[in-house]
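J.: Shown below is the structure under consideration.
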Amino acid sequence: MLIEIITNTPLWVWPLLLFLLYRGYQQSQDRTIGLSKLGIIPAIFLFLGLYGLINAFGAEPVSFTLWSLGIGLAVLLHLKLELPRGVCFSPQDQTFHVPGSWLPLALMLTIFCAKFAVGVIIGMQLPIADTAAFAATVSLVYGLLGGMFLGRAVVIWRASQPTSHGANT
């Protein structure tokens, strides 16, 4: 069965996995991010989550609600834990220094695996794919995972605000 899953996987999936590994590795290094680029990764992962949701279950209000709830919970978690830590903002350059972390790589691989698993379940037409519980769980998980990148970006952005807590400016 594993061979069948791999051979029926679209070819573009494997270069995507390599790209995510590369981008995730880059995130493990200290880096400088421009203010204008801060929202790119969150926007991509939120779009992919929403697209995956619509593609898998259609435009269902319950799915959108749970997806949105997941995003909100992830952002609140990042704000509460102030993750990532150690972000510094340079007002002169309008850039952020962000310490490296393996968390984005782990998150990217989790998103990849979740979307892959959902694709396999739907592609194999397993009975669980037609249940409300499956749709609800996937909706919430896609929101949580995509929201993690948004929460991270919000915490980084807050380092540029004069009233941010724990940020070095």
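The values are calculated or read from the model by the stated rules, or taken from the named source; none is laboratory data. Keep in mind it's a predicted model, so treat the numbers as computed, not measured. In this analysis, Cβ positions are derived from the backbone assuming ideal geometry, glycine residues included, and neighbour counts consider all displayed protein chains. Just the protein is used for accessible areas: all its heavy atoms, side chains included, with ligands, DNA and RNA removed. Shrake-Rupley method; radii C 1.70, N 1.55, O 1.52, S 1.80 Å.
J.: Restricting attention to region 94-108, which residues are open to solvent by less than 50 Å² (accessible area, probe 1.4 Å) and either within 18 Å of Ala56 (Cα to Cα) or not small (Gly, Ala, Ser) (or both)?
T.: Thr95, Phe96, Val98, Pro99, Pro104, Leu105, Leu107, Met108 - these are the residues of region 94-108 that are open to solvent by less than 50 Å² (accessible area, probe 1.4 Å) and either within 18 Å of Ala56 (Cα to Cα) or not small (Gly, Ala, Ser) (or both).
J.: I need a count of the residues in region 21-57 that are open to solvent by 70 Å² or more (accessible area, probe 1.4 Å) and more than 17 Å from Leu107 (Cα to Cα).
T.: 7
J.: Do we have any residue at all in region 13-20 that's among the aromatic types (Phe, Trp, Tyr) and open to solvent by 100 Å² or more (accessible area, probe 1.4 Å)? First the steps, then the outcome.
T.: Looking only at region 13-20, we keep the residues that are among the aromatic types (Phe, Trp, Tyr), and these are 14, 19.
With open to solvent by 100 Å² or more (accessible area, probe 1.4 Å) added as a condition, the list becomes 19.
Yes, that holds for at least one residue.
J.: While we're looking at this one, here's another question. Picking from Gln161, Gln94, which residue would you name as being free of Cβ contacts under 8 Å to residues at least 60 places away in the same chain, farther than 19 Å from Gln29 by Cα and over 23 Å from the mean Cα position of the chain (by Cα)? Don't jump to the end; show me each part of the working.
T.: Working: Gln94 fails: free of Cβ contacts under 8 Å to residues at least 60 places away in the same chain.
Answer to the selection: Gln161.
J.: Would you tally the residues in region 129-143 being without any contact (Cβ under 8 Å) to a residue 24 or more places away in the chain, among the polar types (S, T, N, Q) and assigned to a helix (DSSP H, G or I)?
T.: Result for region 129-143: 1.
J.: Ok, one more. Return the residue satisfying two criteria in turn: it lies in region 119-128 and is in a helix (DSSP H, G or I) and among the hydrophobic types (A, V, I, L, M, F, W, C), and of such residues it is farthest from the chain's Cα centre (by Cα).
T.: Going through the qualifying residues, I end up with Ile128.
J.: Mind listing whichever residues of region 50-64 are touching a residue at least 12 places away in the same chain (Cβ under 8 Å) and out of contact with any Leu (no Cβ under 7 Å at 6 or more places or on another chain)? Walk me through how you get there before you give the answer.
T.: Kept after step one, since they are touching a residue at least 12 places away in the same chain (Cβ under 8 Å), are these residues of region 50-64: 50, 52-53, 56-57, 60, 62-64.
Leu50, Gly52, Leu53, Ala56, Phe57, Glu60, Val62, Phe64 - these are the residues of region 50-64 that are touching a residue at least 12 places away in the same chain (Cβ under 8 Å) and out of contact with any Leu (no Cβ under 7 Å at 6 or more places or on another chain).
J.: Which pairs turn up if I take residues in region 75-89 that are more than 19 Å from Pro162 (Cβ to Cβ) and look for partners that are outside any helix (DSSP H, G or I) with beta carbon separation below 6 Å, at least 6 apart in sequence or on another chain?
T.: These pairs meet every condition: Pro84/Ser101.
J.: From the list Val138, Val155, Val87, Val98, exactly one residue is hydrophobic (A, V, I, L, M, F, W, C) and farther than 23 Å from Ile40 by Cβ. Which is it?
T.: Numbers: Val155 fails: farther than 23 Å from Ile40 by Cβ; Val87 fails: farther than 23 Å from Ile40 by Cβ; Val98 fails: farther than 23 Å from Ile40 by Cβ.
None of the others qualify; the one that does is Val138.
J.: What number of residues within region 125-151 satisfy the criterion of being open to solvent by 50 Å² or more (accessible area, probe 1.4 Å) and not aliphatic (A, V, I, L, M)? Even if it seems obvious, please write down each step before you answer.
T.: If we filter region 125-151 for residues that are open to solvent by 50 Å² or more (accessible area, probe 1.4 Å), which is where we start, we get 125-128, 130-133, 137, 140-141, 144, 150.
This time we only want the ones that are not aliphatic (A, V, I, L, M), so: 125, 127, 130-131, 137.
Qualifying residue count, region 125-151: 5.
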